[in-house]
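The values are calculated or read from the model by the stated rules, or taken from the named source; none is laboratory data. Source: prediction; values computed, not measured. Cβ placement follows ideal geometry from the backbone for every residue including glycine, while neighbour counts extend to all protein chains displayed.
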Amino acid sequence: MCDDRPAVDRARPPAGVDRRRWSVEAAGGWIAGVAILVAVAVVALVSAGPRFVVAATPPNGAIRQVDATLFLQNCASCHGPQGEGTANGPSLVGAGAAAADFYLRTGRMPLGAPDQRPIRQDPHFTDAERQALVEYVASLGPGPDIPQVTSGGDVSRGRELYTANCAACHGASGSGNAVGGGSAAASLGQATNLDVAEAMLIGPGVMPPFAFAPADREAIVAYVQFLRGAPSPGGFEIGGFGPVSEGFVSIVVGLILVVLAVRFVGRRSHRGEPAVHAPVDSEPGSGAGA
Ligand code: HEC
Ligand code: HEC
């Protein structure tokens, strides 16, 4: 059935059509097609207008354009379209590339809901997406840049500095600890060298920022890297249960105290009762095995 029909050859004029006329018509079709494409492109560009914002003028005076799309889609609901902050999230003006990079690389942002606590998890964005977001946040105002991390810091100097500045919150082995106000200082078991350098620079959450000289910063980075690799049986895994087991012990001790107190009060009230009834064979409170 199909065999009878000649295949339509689009490059050739159909039988009986003047070749020249046909090519003019074909060209007309092309022109119309191109015109439609151009129109669509223009509309797309116009409607994409707010996608591009003019970044803070960089030192060389050139005007850079930064893509705001991802920010508007993922962050603006809490941080505002210009990163100016809303009731749901702080202003990011001046947070800098370092903070954006840290919060995105460690998966702390975007939060699912404003009252959630930022915690380390798998990053939500690809490297390219993160770079676009970091650029946008950096364009909002001057802030700390992503630090350069070189390996080879002085580990024993790092141990001193770590013990003096970090151990109180992160534990001597970096296993993490309970900090006041219910925030837990993260275990450093997953922190990369760049995470450590950025965290010191920006001070996430209740952690204060530290202004160490580069050599001291490298030393701490090297020591935390050493802690991460140190195969100590009391290290990250067991130490990680510290706050939990402490809480468990206090619940058990508390329960024992409550039981003792109840027994004590019960006995006293029995003793104090006036003897209304006729002679009692045994006192109920004292027979219970005190
Ligand atoms: C559901 C709300 C919400 C969304 C969505 C959200 N954030 Fe946040 N963001 C917060 C809150 C709340 C904080 C403060 C958290 C804290 O410190 O405990 C915060 C903190 C930050 C900080 C640290 C600010 C500083 O000065 O230390 C950065 C950087 C950041 N967010 C970037 C982003 C980026 C980039 C996105 C989009 C990919 C995003 N956030 C999406 C609510 C949100
Ligand atoms: C006052 C307590 C405190 C001190 C002191 C402190 N931190 Fe922190 N640190 C925290 C808290 C809390 C967090 C988690 C913050 C968050 O997730 O919002 C944290 C997070 C970190 C992280 C991120 C961990 C991860 O896996 O994402 C690193 C790295 C870090 N701190 C390193 C250090 C270093 C190095 C020092 C010492 C120079 C230090 N901290 C001092 C409380 C502290």
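Inclusion of Val137 among residues that are within 11 Å of ligand 1 (Cβ to nearest atom), at negative phi and not in a loop (DSSP other than H, G, I, E, B) is warranted. Taken together, the residues in the range 67-121 that are assigned to a loop (DSSP other than H, G, I, E, B), touching a helix residue (DSSP H, G or I) at 6+ places or on another chain (Cβ under 8 Å) and surrounded by 14 or more Cβ atoms within 10 Å (Cβ to Cβ) amount to 14. Check off (1) modelled with pLDDT of 95 or more; (2) over 19 Å from the mean Cα position of the chain (by Cα) for Ala172 and give me the number that stays unchecked. Here Ala172 meets the rest and fails (1).
Scoring Gly189 on the criteria (1) within 9 Å of ligand 2 (Cβ to nearest atom); (2) in contact (Cβ under 8 Å) with a residue 60 or more places away in the chain leaves a single failure, condition (2). Of all the listed residues (Gln148, Gln116), the sole one being more than 17 Å from Met200 (Cα to Cα) and of a type in the set (S, T, N, Q) is Gln116.
Of the residues in the range 195-211, not one is under 18 Å from the mean Cα position of the chain (by Cα) and aromatic (Phe, Trp, Tyr). Set side by side, the residues Asp145, Asp154, Asp195 differ, and just one is closer than 20 Å to Pro118 by Cβ and of a type outside the set (A, V, I, L, M), which is Asp195. Just one of (1) within 10 Å of ligand 2 (Cβ to nearest atom); (2) loosely packed, with under 15 Cβ neighbours inside 10 Å fails for Cys169. It is (2). Could you look through the range 122-158, keep only residues that are away from ligand 2 (no atom under 14 Å from the Cβ), among the charged types (D, E, K, R) and free of Cβ contacts under 8 Å to residues at least 60 places away in the same chain, and pick out the one that is surrounded by the most Cβ atoms within 10 Å (Cβ to Cβ)? Going through the qualifying residues, I end up with Arg130.
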